[in-house]
Amino acid sequence: MRRAWLVATTTYRQRVRSGTFLLLTFGIPVLMVIAGAIPFIMERRAELPRVGYVDETDQFAPLEAITVDDEMLHLVSYAEVGAAAQAFAGGDIDGYLVIPKDYFEGGRPAFHGERSPGRDLRIGLSQFMREALLPEAPGWQRARLGNPSEVMFASTATGERVAPGPGLIFRIATPAFLALVFVFTVMTTTDQMGSAVVQEKEQRAMEMVITSLSPRELVTGKVLGMTLLTLTQIGVWLLGAAAGLTLALFGALRLEDLTIPWFAVLWAVLLGIPGYFLYAVLAAGLGIIAGDKQQARQLAGMLGFLGMSPLFFMGLIIDNLDGVLGVGLTLFPMTAPVIALFRMLLTEVPTWQLGAGLAVLIATLAASIWFVARVFRAAMLMYGQALRPRDILRALRQS
């Protein structure tokens with residue numbers, strides 16, 4: 001195993017320094033952070049405007065200013081809409097709120113201005129209406145009226161309690177997100193792995209190391225090296241996406257509202273790691289079989305399509321997640337990591353199905369490593385040639 005790690009670290013160091021890798025790995029996250037920072041910067045720099053209001057109900061107490069996050073929102077009362085519109089046209093105010101006569105029967109207030117009010121202004125207008133409706137009420141009561149009830153979701157199966165809103169969305173979306181990360185990682189890996197193996201064949205590097213390494217050690221080392229490279233790239237992308245999303249949604253999400261579905265995360269790791277290595281080993285095998293880089297890319301595209309195929313099956317199993325097809329795809333090693341996570345979105349997946357899928361996946365991975373190592377032995381001296389099916393069969397018989 002030590003020699004396999006030596007091959008892995010050598011492969012990683014060689015490829016992590018390439019200009020294309022560095023540009024793609026760090027360029028995309030920079031764009032993500034910039035995209036997320038734009039609305040954040042605009043929101044932070046924007047000062048609360050001077051706002052007018054027209055109370056057509058005559059039920060709101062007059063207010064001249066309220067405090068919103070340590071900033072003052074200045075308010076001007078107008079008796080009619082025409083006066084407020086004239087003040088807006090003259091630049092005395094930056095917009096005005098009209099509270100209609102039928103507000104208490106369900107009518108909706110309307111804000112008039114050049115642009116839609118930002119988050120802080122929307123909060124300020126809501127706070128103004130609560131204070132103006134209940135000027136004598138204590139502050140805690142007005143604050144509670146801003147969020148009078150928050151119905152919790154309590155799972156009868158697990159006892160888990162999740163608040164509605166972003167927290168519940170996060171809880172539901174986590175398995176789907178993990179499944180999509182797996183699909184994206186597989187598609188990235190298959191293309192890089194096949195090209196890397198073909199490059200080793202073209203540079204005649206295999207023969208220089210085969211005297212000191214077994215085929216299994218060399219294949220394992222190449223797979224580990226390319227895996228570390230891909231995980232580095234995906235990790236940097238995820239950090240960039242997280243930073244951009246945090247900036248874009250700053251203030252809209254609270255960490256205490258987020259509930260992580262650890263059961264889904266655990267099985268995403270248990271199924272995702274061997275599933276990823278299975279695709280990586282098969283991609284290496286296709287690179288060995290291929291005669292050149294073009295053919296390697298074509299074969300890698302087919303394998304990548306296979307990795308994305310579980311998404312196509314969702315429409316077939318969505319109406320019967322616990323049916324024969326859903327359970328079968330959970331046990332099938334090529335689709336198990338994705339289908340199992342998507343089933344967790346909508347149903348309780350029995351642990352025995354997940355365990356059986358993991359066992360089949362690990363057995364398939366071991367068999368794939370054995371198979372690819374034997375194919376590699378047959379292909380190590382065939383420069384620029386694609387292995388034919390009979391060559392592969394002969395290699396397996398001789399092993």
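Every number in this text was worked out from the coordinates using simple rules, so none of it is lab data. Just so it is clear, the structure is predicted and the values come from calculations on it, not from any experiment. Glycine also receives a Cβ, built like all others from the backbone with ideal geometry; neighbour counts cover every protein chain displayed.
For the stretch 51-145, what class follows from the C-alpha gyration tensor (a ≥ b ≥ c being the square roots of its eigenvalues): rounded when a/c is under 1.5, otherwise prolate if a/b is larger than b/c, else oblate?
oblate
Over the stretch 51-145, what is the mean sequence separation of C-alpha contacts under 8 Å (at least six apart), divided by residue count, expressed as relative contact order in percent?
31 percent
Sort Met187, Met32, Met72 so the one with the fewest other Cβ atoms within 10 Å of its own Cβ comes first.
Fewest-to-most Cβ neighbours within 10 Å comes out as Met72, Met187, Met32.
So which GluC sites (Glu not before Pro) in the stretch 114-145 end up in coil per DSSP with only 15 or fewer other C-beta atoms within 10 Å?
Loop-located and lightly packed - Glu114, Glu136.
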